[in-house]
Amino acid sequence: MADVVVVGAGMVGAACAYYLARAGLDVTVVDRGPVAGGTTGAGEGNLLVSDKQPGPELELMLVSLVRWAELDADVGGFEFTPKGGLVVSSSSLEPLVTSHQQAGVTATLVDPGEHEPELVPGRHGAFYPQDAQVQPALAAARLLRAAGIDVHRAEVVSLAVQSDRVVGVRTRDGVVSAGAVVNASGVWAGELSQAFGAPIPVTPRRGFVLVTEPLPPIIRHKVYAAEYLDNVASGDAELQSSAVVEGTPSGTILIGASRERVGFDSGVPREVLRRLAAQAVELFPVLAGVHALRVYRGFRPYSADHVPIIGPDPRRPGLYHACGHEGAGIGLAPATGELITATITGATPPVDAIPYAPVRFAA
Amino acid sequence: MTFTFDGQPIAAEPGQSVAAALWAAGIRSWRRTRHGDEPRGLFCGIGICFDCLVVVNGVRGQRACLVEVHDGDVVEQP
Amino acid sequence: MIRYDVAVVGGGPAGLAAAAAATGGDARVVVVDAAPRLGGQFWPHRSGAEPPALWRLRSAAYHLPDAPVWFAEPAPTTGFRLHTPAGIVTADRVVLATGAHDRSVPFPGWTLPGVVTVGAAQALLKAHGVLVGRRVAVAGAGPFLLAVAAGLATAGADVVGVFEAGHLRGYAKHRLPSAKLAEGARYAAVLARHRVPYRRGHAVIAAHGTDVLEAITVAGRSRERRIDVDALAISYGFTPQVELAVALGCGTHVDRDGSLVVTVDADQRTSVSGVYAAGEITGVGGADLAQLEGRIAGRAAAMKVLDPGTRRQRAKVRRFAQAMHDVHRRPSWIEQLGDDTLVCRCEEVPYAEVRKAIELGATDTRAVKLLCRAGMGWCQGRICGPAVAELTAHLNGRPPTRDDHAAFANRAIAQPTTLGDLAGQ
């Protein structure tokens, strides 16, 4: 019998498993699919402080950034690129930069054209050197490898409970026993939490990413329009989009970003493609002649109050949640793993755990 | 008719693709891969494999096997 | 903006038969073709040398050439919208006849200039009047090899041999249509006249050369032989091009030759109302079957009645086509791979990297793609997809499934399209 079973072999599940294993616990990871089978395989791999308003998410991200650099040194092999982020806007970015600086983020007002020669002229800019990028599927896979964990393939259907205490999970192929269960099932965390009898509000928020042909490096940082911050913070169900453009080590340029609350709707609307492309070309006119090779789609796990849900669930002693990260799951994963580990082992947490505590949904 | 490939004049017949004209002139590769720097030219011949990419009259990303060659065209390695 | 009753996508045998069958009544029909000239891969021709089969069509249907469909979607109220660089085509019903391309199998040296598909050798000769080489080997599996080898020999190439991987014992079991027998005999006679050896149970296991192909190694009858060549035309059957059908939501299944095909009913209807499919995309079966299916699909799409004779003929030809898959089986090719044999040509992913992705926990092709980039390049897995699907299954100790192919069949952007075009500029 393991000490902990982590449900979900995505980035957050892998990070939880890694830190729990490092703390000396015996960990099993269960997933009905392979590593990075969900949202982790559909993201850009962003590690950003620039897109977060001051608050608990930003707090967690500042810790997580430090952990990512440590993971790159200790584990590596996931294309960690500390490239920095550039926010551009038609209006002044001074208020944004000031509030970020006050919250402990390194940010400076810049002439964006000096950082990105291909950027359309005439914009205000703010540079965030702490922003970085990883390849998320590789990161999840490498963390699990480093922890010596093979994913146990099974579909979890409910909790295994004995005398009001969680003793593991019930899968379609039998029970996986453990003293503690971590719900890191990403965009299905809400659904699974219902089956666990401890519902938390996590719903899908669909996004698309356009991928271009491989190119010589023309875009050096992650670049995005300031409207992106509003989109991230908004709870609107309708399509919102604003330009997010960045290069990758493989030479392709990734273009986002769109958000819609449409359930698990499949299909690619033409309008989304048009907006993503138009917004990118507006920022970088040179992209007009560049080919898009594909578009892929992912679902961000959206927490109803826009704060991740990390910690013990009082309704089911032994059950912990580590989910609801919306579009920030990759960046926040290490700090989430550390926070979960501290909660389970009783060690000092890296941040105050209260804002993320699931108890806020337990009423 | 003639066109140039990296400055070199090549003869071609009407209706031929750039790839066919290069092939007829004895040229077997016109591109090098970005990691292994390996030579590539024609493979599938019908526009599926994208091995045959060239620059035609300044326009990048053209499949040599699909582009019909015209008199005076300037074709270059990408 | 014209709204058509029927849009046929693809100008090969299936598409032309569908368009011809759909016209003649009130229906406004358009053939949307990626190529500049009708005929598809089966009737490649030089400009000004159009086969007679194409004349019939000219006056009856609209023709939109140089119009690859890069995006397909349902239209706002009813029907479908097909986005092409030449404009958007709107139609009440769509017949997809997008054909297939040669299926390739990785082997050491296959990326050397001079190694091409059998279709490439055919296209070079028929559409462009160019011989693929002076000393040519034709290899792989399938009845197509004979036809192309005969064409090359007639055009003056020294065809050093036709190396068919299948043992072809299965032919004895199936009653071949007499027309097929006659066709085969004609090609065999050409090869005999030019003294071209036809070897069954033989496969090319390696290509050699520095910057260009210089020789191949052929294995068969427990022996390996090295042969000097300056061109190798090699293909193992065909891969249907189903991305538009998948984008429109049509149901698919894995056919007897291991390829992903569109599922259709007796009238060539797909699972999506208003979308029909005909030809290779419903199952690789050759030009005769494609034309029969096209005729059925065209009449159905134009709401015309179909004669039962055509359906019976289709059933017969389809049975023969399925039998061909068994007879021309692909050999096991995985043991030929070296660590550095490229599996994905576009992203230059060697076999060792694919194995590493499996070791990192990739149990399906989506995960393999994510962890080693196979299928992420320009061709988006068109060339390497089937191979990666088979490798993924093999290295995970299980047979390939439909989901293994799904990772590569999903192409909402069906052709590389500039961001300017996507933006609607």
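The values are calculated or read from the model by the stated rules, or taken from the named source; none is laboratory data. Remember, predicted model here, so these are calculated numbers, not experimental data. FYI the Cβ positions are ideal-geometry reconstructions off the backbone, even for glycines, and counts take in every protein chain you see.
Considering C:120, C:153, the condition of being under 21 Å from residue B:24 (Cα atoms), in a helix (DSSP H, G or I), modelled with pLDDT of 95 or more and more than 22 Å from the chain's Cα centre (by Cα) is satisfied by C:153 alone. The strands (runs of 3 or more DSSP E) located wholly in the range B:1-68 that include 3 or more residues which are at pLDDT below 95 occupy B:59-63.
Comparison of C:349, C:388 shows that the only residue that is under 24 Å from residue C:111 (Cα atoms), crowded, with 24+ Cβ neighbours inside 10 Å, aliphatic (A, V, I, L, M) and within 13 Å of chain B (Cβ to nearest Cβ) is C:349. Of all residues in the range B:21-44, at least one satisfies being in contact with a His (Cβ under 9 Å, 6 or more places away or on another chain), touching a residue at least 24 places away in the same chain (Cβ under 8 Å) and aliphatic (A, V, I, L, M).
Note on the range A:259-278: among residues that are more than 8 Å from chain C (Cβ to nearest Cβ) and in contact with a Ser or Thr (Cβ under 7 Å, 6 or more places away or on another chain), the one that is farthest from residue C:420 (Cα to Cα) is A:261. Residues in the range B:22-36: is at least one surrounded by 21 or more Cβ atoms within 10 Å (Cβ to Cβ), farther than 10 Å from residue C:113 by Cα and at the interface with chain C (Cβ under 7 Å from one of its Cβ atoms)? Within the range B:22-36, one or more residues are surrounded by 21 or more Cβ atoms within 10 Å (Cβ to Cβ), farther than 10 Å from residue C:113 by Cα and at the interface with chain C (Cβ under 7 Å from one of its Cβ atoms). A Cβ distance below 9 Å, combined with a sequence gap of six or more or placement on separate chains, defines the contacts here; from the range B:51-78, residues that are without any contact (Cβ under 8 Å) to a residue 24 or more places away in the chain and within 11 Å of chain A (Cβ to nearest Cβ) reach no residue that is of a type in the set (Gly, Ala, Ser) and crowded, with 23+ Cβ neighbours inside 10 Å. Put simply, of A:324, A:247 the only residue that is crowded, with 18+ Cβ neighbours inside 10 Å, within 15 Å of the chain's Cα centre (by Cα) and within 29 Å of residue A:138 (Cβ to Cβ) is A:324. Would you confirm, using the coordinates I've provided, whether residue A:177 is farther than 30 Å from residue A:287 by Cα, in the same structural domain as residue A:27 (by TED's automatic domain parsing) and under 16 Å from the mean Cα position of the chain (by Cα)? No; evaluated as a whole, the condition is false for this residue.
The residue that is surrounded by the most Cβ atoms within 10 Å (Cβ to Cβ), among those in the range C:239-252 that are within 15 Å of the chain's Cα centre (by Cα) and within 11 Å of another protein chain (Cβ to nearest Cβ), is C:239.
Screening residue C:126 against (1) within 30 Å of residue C:390 (Cα to Cα); (2) within 14 Å of chain B (Cβ to nearest Cβ); (3) of a type in the set (D, E, K, R) leaves a single unmet condition, (1).
Of all residues in the range C:324-354, those satisfying the criterion of being among the aliphatic types (A, V, I, L, M) and modelled with pLDDT under 85 are C:324, C:327. Residue A:231 meets the conditions (1) part of a helix (DSSP H, G or I); (2) facing another protein chain (nearest Cβ under 9 Å) in every case but one. The failed one is (2). Being in contact (Cβ under 8 Å) with a residue 40 or more places away in the chain, farther than 22 Å from residue A:78 by Cβ and in contact with a helix residue (DSSP H, G or I) (Cβ under 7 Å, 6 or more places away or on another chain) is the requirement here; does residue A:288 meet it? The answer is no for residue A:288. Here residue B:17 meets the list (1) in contact with a strand residue (DSSP E or B) (Cβ under 7 Å, 6 or more places away or on another chain); (2) more than 8 Å from every other protein chain (Cβ to nearest Cβ) almost entirely, failing just condition (2).
Taking the criterion of being more than 13 Å from chain B (Cβ to nearest Cβ), more than 24 Å from residue C:293 (Cβ to Cβ) and either of a type in the set (Ser, Thr, Tyr) or crowded, with 23+ Cβ neighbours inside 10 Å (or both), the only residue of the range C:84-104 that qualifies is C:90. The set of residues in the range A:233-244 being surrounded by fewer than 21 Cβ atoms within 10 Å (Cβ to Cβ) and of a type in the set (A, V, I, L, M) consists of A:233, A:237, A:239. Can you name every residue in the range A:76-94 that is assigned to a loop (DSSP other than H, G, I, E, B), closer than 19 Å to residue A:126 by Cα and of a type in the set (A, V, I, L, M, F, W, C)? Across the range A:76-94, the qualifying residue is only A:93. Considered as a group, the residues in the range A:194-219 that are outside any strand (DSSP E or B) and either within 14 Å of chain C (Cβ to nearest Cβ) or in contact with a His (Cβ under 7 Å, 6 or more places away or on another chain) (or both) include one that is surrounded by the fewest Cβ atoms within 10 Å (Cβ to Cβ), and that residue is A:218. Name every residue in the range A:256-297 that is within 17 Å of the chain's Cα centre (by Cα) and buried (at least 21 other Cβ atoms within 10 Å of the Cβ), in order of residue number. A:256, A:257, A:258, A:259, listed by residue number. A search for C-beta distances below 9 Å between a residue of the range C:126-142 that is closer than 19 Å to residue B:18 by Cβ and any residue that is among the aromatic types (Phe, Trp, Tyr) and part of a loop (DSSP other than H, G, I, E, B), counting only pairs 6+ apart in sequence or on different chains, returns C:126/C:43.
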